[in-house]
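The values are calculated or read from the model by the stated rules, or taken from the named source; none is laboratory data. Not measured: the values here are computed from a predicted model. All Cβ positions, even for glycine, are placed from backbone atoms using ideal geometry, and neighbour counts span all protein chains on display. Heavy atoms of the whole protein, side chains included, go into the accessibility calculation; ligands, DNA and RNA do not. Shrake-Rupley method; radii C 1.70, N 1.55, O 1.52, S 1.80 Å.
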Amino acid sequence: MGNVSLRLNRVLTMKFFCFSCVTIVCISLGAFGQSHEVTSPDKRIRLNITTNSKLKIDIFKNNQAQLTEVSLGLQLKNVKNNLRLKKESRYSESDTIKPPYGQESSIPYAYNGLELDFADKRTLEFRVFDDAIAFRWSTALKKDQIVEQESFKVPFQGNEQFAGMSSTSFHGYEDDYEFTLLDSTANDTLALPFAITKASQRIVFAESNLISYPGLYFKKNSTGIEAVFPQVAADQDTTHFDVIVKSRESYIAKVAGQKSYPWRIILLPDSDIDLLKNRLVYLLADESAINENAWIKPGKVAWDWWNAISLTGVDFEAGVNTASYTYFIDFAAEYGIEYINLDEGWSDQFDLFALKPDVNVEEIIDYAKSKNVGVFLWCVWHTLHRQMPEILDQFEEWGVAGIKVDFMNRDDQEVVEFYHQLAKEAAKREILINFHGAYKPTGLERTYPNVVNREAVMGLEYSKWSDRVGPVHDVTIPYLRNLAGPMDFTPGAMRNAVYEDFRAIFSRPMSQGSRAHQLAMFVIYYAPLQMLADAPTDYEAEPEYSKFMAKIPTVWDETIPIAGKIGEYIIIARRKGSIWYLAGMNNWDERQIAVDLAFLMEDQYTLEGYEDGPNSHLTASDYRAKKVASIGSDKKLDITMKSGGGFVFKLTKQ
């Protein structure tokens, strides 16, 4: 994957190209100071690249400068940079990608590309899309290399608005999203994806195809922002669940001489809702390394940890034991839920072969199979890493459907390599993966579709010990965090509170915002493996609502963003087969909106679902069912989302 020696073959013979749309031009160039221009297929975005003693790019949209004097570079130890241009290659692609699962059954993919080959055997490749530009380095050197730094400097005044996560560490993927001036982030590390608003234009930064290389971050400097990376770990110490890096090397990676580096992405959406349909992080990743993926089945998971296995009305003592997990299995089977999860406690966390006496794993898995339910097992990453591949062989023998891997909490080169190693080894054994304590997605789910979900978000679990997860956060992460890929937020709280009534209770947690707000997350948050956070007996107490929730798909054939703004609200329509789901979520401000149903085309539909009750702003668990016998594309649906509110409607073709 990504071998530079295959690059020309890719340009000449890419089997997924629409051949009628491919153009290649190769020009021998010997002088410094060349200028190159690439435009998007719709001509609205124009990229200018200047190659002289330094590499710089300027980006224009509708003939208006968006970013100028952006400088790029790649510093390899003991390799002298020589930007004398040897060759320019141009090409285009217009195609449709059909993922095995996703937010759409097919994704259009069109761009104009440019490759610049330099005398020092480095190549810089650009792709210009209708709403973004992407670039990456590659090298064709004979010997392994040490990467000292990769330069990516973007000038900003500092008074631009920043929306994203900033922290003092490199692994800030479970943190608050801030809305602040860029200047106020000085000395902080900015985690991708994040948005900067400049003269009303959102500019969003992301990356894709992160392989054997550290994750990209930015820091504010005196002239704008510049790329920073976690360096290679030198001295480490295992402390309980974590592996603590005590010291680091002076460089960021050791790499093969022939290597394609990660894609750097700059998005230029026309509006916030355009971010909800952008799939570039996925599309720029390597194609699937799995030939046969029929065994990869997305779905929902009855989860044990958030609710502390708080089963009520049962004739046994609930807890981490076989009887409780048998109950979870029966619940999952009755409600059509595909999986259950055995979280912390089924084994010794630091020896996965040392099983706890109260949990008969083989019996649980066998019983689950008899009910057509799969079982996920939770693991501490460094234990799994140390006991791999033997423990994966054991999981395969038991018939484990998937593993939930936790507490990596880093994205330096070593940990990024672990993700790929595990994805590859698990795929050999037909085991699914859900990464927790993880860095943001960078398209690994395309290369290894058995990686069905990833946390990398301050999710509902934080409500067990803090008040940091609320409706403003909830309507920010679909635009920024979900832009990177699947997101395991773990929704489904059945105890709901307005802000004034919220309390963080570890063993009996609640959520902020309305019950309908929680339900909407199952449609709005893209999570092919979607957890149900609360206890089975809490769901069984409200069976009609819970069965509606359990039947919401986790993957889709079509997605249409309707309306929204980062941090304020979101309304989205998704289709699975012939059935549409329309969902919305709100921040703490009540909002009335008329939703245009033109996406239904000309058919008539029956509408049924749930919305905020008239008193949900006072009692957050207040919700009401709604049903319309016949409604079509010529109508508008008047909806009120209460404070911290939401709705979900299922539209079935008549």
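Among the lysines, which have Cα under 16 Å from the Cα of LYS86 when same-chain residues fewer than 8 positions away are ignored?
Answer for LYS86, where 16 Å is the Cα cut-off: LYS54, LYS121, listed by chain and number.
Cβ under 12 Å from TRP398's Cβ, TRP398 left aside: what net charge do those residues give with Lys, Arg +1 and Asp, Glu -1? All intermediate terms of the calculation are to be shown ahead of the outcome.
Working: positive: LYS369, ARG429; negative: GLU362, GLU363, ASP366, ASP393, GLU396, GLU397.
Around TRP398, the charge tally is -4.
When the solvent-accessible surface of protein heavy atoms is calculated with a 1.4 angstrom probe, in what order do LYS86, LYS246 fall, highest first?
On the way: LYS86 100, LYS246 130 Å².
Largest accessible area first, the list is LYS246, LYS86.
Would you please classify the overall shape of region 189-307 from the alpha carbon gyration tensor, given that a ≥ b ≥ c denote the square roots of the eigenvalues, rounded means a/c under 1.5, and beyond that prolate means a/b larger than b/c while oblate covers the rest?
rounded
Considering only protein heavy atoms, what per residue accessible area in square angstrom results for the chain with a 1.4 angstrom probe?
37 Å²
Ignoring any ligand, DNA or RNA, what whole percent of the accessible area of region 487-611 comes from carbon and sulfur when the probe is 1.4 angstrom?
On the way: 1900 of 3960 Å².
Reported share for carbon and sulfur atoms: 48 percent.
Largest first, what is the accessible-area ranking of LEU597, LEU83 with a 1.4 Å probe?
LEU83, LEU597
PRE reach from ASP130 (point 7 Å along Cα→Cβ): which of region 94-121 fall under 15 Å by backbone N?
Once the point is set 7 Å along Cα→Cβ of ASP130, 94-97, 107-112 turn out to lie under 15 Å by backbone N, inside region 94-121.
Net charge around VAL154, counting only other residues with Cβ within less than 12 Å of its Cβ (Lys, Arg = +1; Asp, Glu = -1)?
Net charge in that neighbourhood comes out at +2.
Dividing the Cα convex hull volume of region 151-246 by residue count, how many Å³ per residue is that? Can you show the working numbers first?
Details: hull volume 11.4 nm³, N = 96.
So the per-residue hull volume is 119 Å³.
Taking square-rooted eigenvalues a ≥ b ≥ c of the alpha carbon gyration tensor, is region 63-213 rounded, prolate or oblate, where a/c under 1.5 means rounded and, failing that, a/b exceeding b/c means prolate?
It comes out oblate by the Cα gyration axes.
Top to bottom by accessible area (1.4 Å), largest first, where do SER616, SER288 land?
Result of the area sort, largest leading: SER288, SER616.
What part of the accessible area of region 224-303, given as a whole %, is carbon or sulfur when the probe is 1.4 angstrom?
On the way: 1310 of 3070 Å².
That fraction is 43 percent.
In degrees, nearest 10, range 0 to 90: what is the angle between the Cα axis of helix 413-428 and the longest Cα principal axis of the chain?
That helix lies at roughly 60 degrees to the long axis.
Find out how many positive minus negative residues lie around ASN78, taking Lys and Arg as positive, Asp and Glu as negative, among other residues whose Cβ is under 10 Å from that of ASN78.
+2
Using a 1.4 Å probe on the protein heavy atoms only, what accessible surface does TYR335 show? Give it in Å² to the nearest 10.
20 Å²
Counting only C-alpha contacts under 8 Å and six or more residues apart, can you give the relative contact order of the chain as a whole percent? Please report the intermediate quantities before stating the final value.
On the way: 1680 pairs, mean separation 71.7, N = 654.
Answer for the chain is 11 percent.
How many percent of Cα pairs in region 349-476 exceed 20 Å? List each step's numbers first, then the result.
Working: 4019 of 8128 pairs.
For region 349-476, the fraction of Cα-Cα distances above 20 Å is 49 percent.
If you wrap a convex hull around the alpha carbons of region 445-604, what volume per residue comes out, as a whole number of Å³?
Details: hull volume 20.8 nm³, N = 160.
Taking only Cα atoms, region 445-604 has a hull volume of 130 Å³ per residue.
Taking N as the number of residues in the chain, what is its alpha-carbon radius of gyration divided by 2.2 N^0.38 Å? Write down the numbers at each step before the final one.
On the way: Rg = 24.9 Å, N = 654, 2.2 N^0.38 = 25.8 Å.
Relative to the rule-of-thumb radius for its length, the chain sits at 0.96.
Just round it to a whole percent: the fraction of Cα-Cα distances in region 287-429 exceeding 19 Å.
Values: 5478 of 10153 pairs.
Distances greater than 19 Å cover 54 percent of the Cα pairs.
Round to the nearest 10 and report in Å² the accessible area of PHE170, as given by a 1.4 Å probe over the protein chains' heavy atoms.
70 Å²
If I histogram all Cα-Cα distances within region 225-278 using bins 10 Å wide from 0, what percent of pairs lands in each bin?
17, 26, 27, 23, 6
Solvent-accessible area of ILE391, probe 1.4 Å, all protein chains present, reported in Å² to the nearest ten, please.
That residue has around 0 Å² of solvent-accessible surface.
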